Amino acid sequence: MKKVGVLIAVVCLLFSFAGCSAGGKQNDDQSKTRLGLSVYATDDVDEDEASVTAVVAAVLTDDDGVILACRLDEIEIGPKIEGGKLQEVTDFRTKGERGNEYGMKAAGAKQEWFEQAEAFCKYVVGKTANEVAGIETKDGKPTDSDLTAGCTIDITDFMAAVSEAAKDAKEYAVSASDKLGLAVTASRYAESDDTQPRYDFVFSAVSVSADGKLTGCAVDELQKTFAVASGAFTENTEAADRLKTKKQLGDDYGMKAASGIGKEWKDQAAHLAQYLTGKSSAEMTEIPLKDGKPTEADLVAGCTISVTGMLENVQKAMKNAA
């Protein structure tokens, strides 16, 4: 492991959701700073209620895999059936975006959800993926007093998301002064009917330079369709099942053959992320699109899918970078 001359202190700013980039060691070789994004998503279904929960982690690591900065958020949507009819989800905010409205303090907790997520982020700075995965817990809750001082909730999914993000981190030319951003956007797919309601999720992790330019980017998406018949959800499960994002599905997503350019979704998303690197949010707004799909030759060469949602989400992450 490379020697480190100094420790850096990074101020953790809370915007509309929780996260932090605090305390870590400075990376000697800035050209090998890594950015990682991971989504740990599950679904749970019974006759009257269904849910999708996604814990999302963004990390910066050094070349040895030591976490330099971390941000976390979580979203949970829960469509219900009442009187035999599907009730529309009206709140697609993440737990971090809800802030104090999430209500943990009101229920008696000492810290709100976003504060506990922030405490976890601070705790994992300086750790590797394996060390995060090995954090001691009892019934899913932390036992180390340094962590329980600020975080007492179940951290099982936090640990999984952060350790996976650190393992999957890719090399970017990120400076130690760059800010780390994370964004989640969810919505009901407008063209889905109440017999097959579909919910779409977009995730992005970004690093942003002092002059507002994107220096690193990772994006992912998740789609979940529920089946409804005779006034009930039909895809019953006894326990929450792990869902795979488009990136996690990899070649199994099945876009390559039909893409027209011989590229799977994960490859097209990676090409988009590379294309966006070096641009400001304002420059991204000016990218030419037709029906949501790119028309500029350099982007079309590797990405022909609709990118509107990903562009908006990346800009949201840049705005929230801290």
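The values are calculated or read from the model by the stated rules, or taken from the named source; none is laboratory data. Quick caveat, the model's predicted, so the values are computed rather than measured. Glycine gets a Cβ as well: all are built from the backbone with ideal geometry, and neighbour counts include every protein chain shown. Keep in mind that these areas ignore ligands, DNA and RNA; they rest on the heavy atoms of the full protein, side chains included. Shrake-Rupley method; radii C 1.70, N 1.55, O 1.52, S 1.80 Å.
Points worth noting:
- FRET efficiency estimate (nearest 0.05) - Cβ-Cβ, E286 to D251, R0 41 angstrom: 0.80
- Shape call, segment 82-192: gyration tensor on alpha carbons, a/c limit 1.5: oblate
- Segment 288-322 and segment 247-280: distance between their alpha carbon centers, rounded to Å: 12
- Ranked by the mean number of other Cβ atoms within 10 Å per residue, highest first, peptides 72-81, 91-100 order as 72-81, 91-100.
- Peptide packing for 45-54, 158-167 was compared via the average number of neighbouring C-beta atoms within 10 Å per residue; ordered from the highest value, the list is 158-167, 45-54.
- Phi-based couplings in Hz for segment 241-252 (Karplus 6.51, -1.76, 1.60; Gly and Pro marked x): 10, 6, 9, 10, 6, 4, 5, 5, 5, x, 5, 5
- Shape class of segment 174-322 from the Cα gyration tensor (axes a ≥ b ≥ c, square roots of the eigenvalues): prolate, since a/c reaches 1.5 or more and a/b is larger than b/c.
- Heavy-atom accessible area order for S280, S230, S207, S175, largest first, 1.4 Å probe: S230, S175, S280, S207
- Distance between the modelled labels on D91 and V300, one decimal in nanometres: 4.4 nm (7 Å Cα→Cβ projection).
- Average Cα contact separation per residue, the chain, under 8 Å, 6 or more apart, as relative contact order %: 19
- Dipole in debye (nearest 20) - segment 159-220, about Cα centre, beta carbon charges: Lys, Arg +1; Asp, Glu -1: 240
- Taking every protein chain into account, the accessible area of segment 194-322 amounts to 47 square angstrom per residue (probe 1.4 Å).
- Only DSSP H runs of four or more residues enter the estimate; each adds -39500 (n - 2.57), and after division by the residues of the chain the mean residue ellipticity at 222 nm equals -6000 deg cm²/dmol.
- Positive-end extreme of charge dipole, the chain - chosen from G126, G99, L272 (charges on Cβ): G126
- Solvent-accessible surface of segment 33-140, averaged per residue with a 1.4 angstrom probe and all protein chains in place: 41 square angstrom.
- Total formal charge among the other residues, if their Cβ is under 14 angstrom from that of T308, Lys/Arg +1 and Asp/Glu -1: -2
- Listed residues V174, A161, A317: farthest to the positive end of the dipole of the chain (Cβ charges): V174
- Within the same chain, aspartates and glutamates fewer than 8 places from K122 are excluded, and of the rest, those with a Cα less than 18 Å from its Cα are D62, D73, E74, E112, E131, E136, D144, D146, D154, D157, E164, D178.
- The gain in end-to-end length when the A149 to D193 segment is fully stretched comes to 11.2 nm, 0.36 nm per residue minus the alpha carbon separation.
- Local electrostatic count, I287, Cβ distance below 13 Å [Lys/Arg +1, Asp/Glu -1]: -2
- Other residues with beta-carbon under 11 Å from the beta-carbon of L276 carry, at +1 per Lys or Arg and -1 per Asp or Glu, a net charge of +1.
- Taking the accessible area of segment 130-259, probe 1.4 Å, and keeping the other protein chains in place, the carbon and sulfur fraction comes to 45%.
- Gyration tensor (alpha-carbon) shape descriptor, the chain, a/c threshold 1.5: oblate
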